[in-house]
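Peer 1: Structure in structure tokens, see below.
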Amino acid sequence: MSLSEALAWVRTVRRSAGADAKRAIIARGLRAAADGYISIVLPAWLLMLGRSPFEIGALMTATLLGSAALTLSAGWITGRFGERRALIGASVLMIATGVGFAQVTAFWPLLIIAFVGTLNPSSGDVSIFLPLEQSLLARSAGDRDRTLMFAFYSVSASIMGALGTLMARAPDVAARFSIDRLQAMRGLFWLYAAIGAAAALIYSTVAETHGRGSRPLPSRLGPSRAMVYRLTALFSVDSFGGGFMVQSILALWLFERFHLPLATAAAIFFWTNLLTALSYFVAVPISRRIGLVNTMVFTHLPASLSLVVIPFVGQLHWVIALLFLRSALSQMDVPTRTSYVMAVVTPAERPAAASLTAVPRSLASAISPILAGTLLGVSTFGWPLLIGGALKAAYDLSLLAAFRHIRPPEEREVRREN
């Protein structure tokens, strides 16, 4: 995609995006910056506190289980309280999470804070924020602009996440000025809380969707229930595989296998996140040409296979190259997948469908980090990457077989025109 095409892409989004969609994109970018550095600093912080790989995996599992519990109830929460109050409440929880991790060092209290809070060990969003923001975006765009809107939402998150990973170098930089690295890491958790406060201010201006005569959004699925359940089952396989290589686990593996300094790991993940952001620009024209499901599968499958290869590669530069290849391909399915789910259900079902299909990103993937931590405690071979890549490849092929004939409205219209 040329620069002029990219600028035209941005102008289209600015025209088609409502005020609430723009607020969601800005807030998502801020939170992504926090997630970017936290996912790298978190394992380094826990290693410095003397935690074992198993304990680190257990804490990551707790964060994802807690997020899943909240995300599962997103449809009910939105229907009862509206999107604005739900988003503000989630932001307050983000503030409390940052303060908790900055103040507490004992394992069991940290485990409780991890479960209740919003900490994100992955490079993507697996929190309660995700379905709430998806609902905002879906009601702010028409069928033809929907995928573009979700792609821009993902681009914003990836670019800010990439910049956030560079902030993970702060403890190493601070050490050059005789500042304790542990204190510098603690300061990053305080910054996480401050970003939560900024997000709360942004969400406070979102239009209210509950009360004053508006009908509450439904908390249950209707005619699309069977299809959403099938998608959820498949997404569970993908998320379970993805949990083996969330960004914190990848960082932990690089620390253990190659003894990388924090600054080097931060630089690697900066480029992987930047490549992911660039891939979103390509996802939209590809999906318009070959369809949403085909885009999801044919870009994701090579990325899954690259993960299978990585454990058998002993040289760091080849490992980095494969990680870059994976990052350039693996996330093209994010805006297309979200757009597809929003397209094949009725508008009234969107909050509940977003909630249910987002849950696997937390619930199914929550089991994997503790298993990955256990495997890394035994061997640095890279079993988590091998297992996760194989599961993701199986998901890709199953999705193609089950949904290649179920098209969203815009693809059915194009087919009739042709």
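Peer 1: Hey, among the residues in segment 66-116 that are without any contact (Cβ under 8 Å) to a residue 60 or more places away in the chain and of a type in the set (Phe, Trp, Tyr), which one's nearest to Arg31 (Cα to Cα)?
Peer 2: Among those that are without any contact (Cβ under 8 Å) to a residue 60 or more places away in the chain and of a type in the set (Phe, Trp, Tyr), it is Phe115.
Peer 1: Quick one: which helices (runs of 4 or more DSSP H) lie wholly within segment 1-118 and hold at least 1 residues that are at pLDDT below 80, under 16 Å from the mean Cα position of the chain (by Cα) and surrounded by fewer than 24 Cβ atoms within 10 Å (Cβ to Cβ)? Reasoning before the result, please.
Peer 2: Details: elements: 3-16, 19-48, 53-72, 74-81, 83-103, 107-116.
Fully inside segment 1-118 and qualifying: 53-72.
Peer 1: Looking only at residues that are part of a helix (DSSP H, G or I) and either among the basic types (Lys, Arg) or surrounded by fewer than 20 Cβ atoms within 10 Å (Cβ to Cβ) (or both) in segment 135-158, which one is modelled with the lowest pLDDT?
Peer 2: Step one: of segment 135-158, the residues part of a helix (DSSP H, G or I) are 135-138, 143-158.
Now narrow it down to the ones that are either among the basic types (Lys, Arg) or surrounded by fewer than 20 Cβ atoms within 10 Å (Cβ to Cβ) (or both): 143-146.
Values: Asp143: 62, Arg144: 65, Asp145: 66, Arg146: 69.
Per the stated criteria, the residue is Asp143.
Peer 1: Is it the case that segment 32-40 has a residue that's hydroxyl-bearing (Ser, Thr, Tyr), in contact with a helix residue (DSSP H, G or I) (Cβ under 7 Å, 6 or more places away or on another chain) and under 28 Å from Leu136 (Cα atoms)? Outline the logic, then answer.
Peer 2: Here is the first cut: in segment 32-40, the residues hydroxyl-bearing (Ser, Thr, Tyr) are 37, 39.
The next check asks that each one be in contact with a helix residue (DSSP H, G or I) (Cβ under 7 Å, 6 or more places away or on another chain); those that pass are 37, 39.
If we keep only those that are under 28 Å from Leu136 (Cα atoms) as well, we get 37, 39.
Yes, segment 32-40 contains a residue that is hydroxyl-bearing (Ser, Thr, Tyr), in contact with a helix residue (DSSP H, G or I) (Cβ under 7 Å, 6 or more places away or on another chain) and under 28 Å from Leu136 (Cα atoms).
Peer 1: Cβ-Cβ distance below 7 Å, separation of 6 or more or different chains: which pairs start in segment 390-402 with a residue that is over 16 Å from Ser368 (Cα atoms) and surrounded by fewer than 22 Cβ atoms within 10 Å (Cβ to Cβ) and end on one that is of a type in the set (Lys, Arg) and modelled with pLDDT under 95?
Peer 2: Taking only residues 6 or more apart or on different chains, the pairs are Ala402/Arg230.
Peer 1: Something else about it: Can you tell me which residue is surrounded by the fewest Cβ atoms within 10 Å (Cβ to Cβ) among those in segment 159-191 that are of a type in the set (A, V, I, L, M) and in a loop (DSSP other than H, G, I, E, B)? I'd like the intermediate steps shown before the answer.
Peer 2: Residues of segment 159-191 that are of a type in the set (A, V, I, L, M), as a first pass: 159-160, 162-163, 166-168, 170, 173-175, 179, 182, 184-185, 188, 191.
From the residues that got through so far, the ones that are in a loop (DSSP other than H, G, I, E, B) too are 168, 179.
Details: Ala168: 26, Ile179: 14.
For segment 159-191, the residue satisfying everything is Ile179.
Peer 1: If you don't mind, there's one more thing I want to ask. Name the one entry in Pro347, Pro408, Pro335 that is of a type outside the set (Asp, Glu), under 23 Å from Val284 (Cα atoms), surrounded by fewer than 22 Cβ atoms within 10 Å (Cβ to Cβ) and at pLDDT 80 or above.
Peer 2: Working: Pro347 fails: at pLDDT 80 or above; Pro335 fails: surrounded by fewer than 22 Cβ atoms within 10 Å (Cβ to Cβ).
Answer to the selection: Pro408.
Peer 1: As an exercise: evaluate Leu400 against (1) modelled with pLDDT of 90 or more; (2) assigned to a helix (DSSP H, G or I); (3) closer than 30 Å to Leu252 by Cβ and give the number of the one condition it does not meet.
Peer 2: Going through the list (1) modelled with pLDDT of 90 or more; (2) assigned to a helix (DSSP H, G or I); (3) closer than 30 Å to Leu252 by Cβ, Leu400 breaks only (3).
Peer 1: Which residues, taken from segment 123-132, are at pLDDT 75 or above and either in contact with an Asp or Glu (Cβ under 8 Å, 6 or more places away or on another chain) or under 20 Å from Phe244 (Cβ atoms) (or both)?
Peer 2: If the condition is that a residue be at pLDDT 75 or above and either in contact with an Asp or Glu (Cβ under 8 Å, 6 or more places away or on another chain) or under 20 Å from Phe244 (Cβ atoms) (or both), then Leu132 is the only one that fits.
Peer 1: While we're looking at this one, here's another question. Can you tell me which of (1) free of Cβ contacts under 8 Å to residues at least 60 places away in the same chain; (2) surrounded by fewer than 23 Cβ atoms within 10 Å (Cβ to Cβ); (3) under 24 Å from Tyr395 (Cβ atoms); (4) of a type in the set (Val, Ile, Thr) is the one Val237 doesn't meet?
Peer 2: Among (1) free of Cβ contacts under 8 Å to residues at least 60 places away in the same chain; (2) surrounded by fewer than 23 Cβ atoms within 10 Å (Cβ to Cβ); (3) under 24 Å from Tyr395 (Cβ atoms); (4) of a type in the set (Val, Ile, Thr), the lone unmet condition for Val237 is (1).
Peer 1: What's the number of the condition Val308 fails, among (1) at pLDDT below 85; (2) out of contact with any Ser or Thr (no Cβ under 8 Å at 6 or more places or on another chain)?
Peer 2: Against the list (1) at pLDDT below 85; (2) out of contact with any Ser or Thr (no Cβ under 8 Å at 6 or more places or on another chain), Val308 comes up short only on (1).
Peer 1: Right, another one. Report whether or not Thr105 is under 28 Å from Glu256 (Cα atoms) and among the polar types (S, T, N, Q).
Peer 2: On the way: under 28 Å from Glu256 (Cα atoms): yes; among the polar types (S, T, N, Q): yes.
Judged against the criteria, Thr105 is a match.
Peer 1: If a residue must be under 14 Å from Leu376 (Cβ atoms) and part of a helix (DSSP H, G or I), how many such residues does segment 226-276 contain?
Peer 2: 14
Peer 1: In this structure, is Met160 within 27 Å of Thr276 (Cβ to Cβ), out of contact with any Phe, Trp or Tyr (no Cβ under 9 Å at 6 or more places or on another chain) and touching a residue at least 24 places away in the same chain (Cβ under 8 Å)? Lay out the reasoning, then the answer.
Peer 2: Numbers: within 27 Å of Thr276 (Cβ to Cβ): yes; out of contact with any Phe, Trp or Tyr (no Cβ under 9 Å at 6 or more places or on another chain): yes; touching a residue at least 24 places away in the same chain (Cβ under 8 Å): yes.
Judged against the criteria, Met160 is a match.
Conditions (1) over 18 Å from Leu231 (Cα atoms); (2) of a type in the set (Ser, Thr, Tyr); (3) part of a helix (DSSP H, G or I), marked per residue:
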{"residue": "Leu323", "(1), (2), (3)": "yes, no, yes"}
{"residue": "Val334", "(1), (2), (3)": "no, no, yes"}
{"residue": "Thr338", "(1), (2), (3)": "no, yes, yes"}
{"residue": "Pro351", "(1), (2), (3)": "no, no, yes"}
{"residue": "Ser355", "(1), (2), (3)": "no, yes, yes"}
{"residue": "Ala358", "(1), (2), (3)": "no, no, yes"}
{"residue": "Ala364", "(1), (2), (3)": "no, no, yes"}
{"residue": "Gly377", "(1), (2), (3)": "yes, no, yes"}
{"residue": "Thr380", "(1), (2), (3)": "yes, yes, no"}
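Peer 1: Also, quick follow-up: So which residues in segment 269-295 are among the hydrophobic types (A, V, I, L, M, F, W, C), surrounded by 24 or more Cβ atoms within 10 Å (Cβ to Cβ) and within 18 Å of the chain's Cα centre (by Cα)?
Peer 2: Phe269, Ala283
Peer 1: Among Pro302, Pro347, Pro351, Pro335, which is in contact (Cβ under 8 Å) with a residue 12 or more places away in the chain and either touching a Pro at 6+ places or on another chain (Cβ under 9 Å) or of a type in the set (Val, Ile, Thr) (or both)?
Peer 2: Numbers: Pro302 fails: either touching a Pro at 6+ places or on another chain (Cβ under 9 Å) or of a type in the set (Val, Ile, Thr) (or both); Pro347 fails: either touching a Pro at 6+ places or on another chain (Cβ under 9 Å) or of a type in the set (Val, Ile, Thr) (or both); Pro335 fails: either touching a Pro at 6+ places or on another chain (Cβ under 9 Å) or of a type in the set (Val, Ile, Thr) (or both).
Residue meeting the stated conditions: Pro351.
The values are calculated or read from the model by the stated rules, or taken from the named source; none is laboratory data. Here the structure is a predicted model, which means the values were calculated and not measured. As a convention, Cβ positions derive from the backbone with ideal geometry for all residues, glycine included, and neighbour counts pool all protein chains shown.
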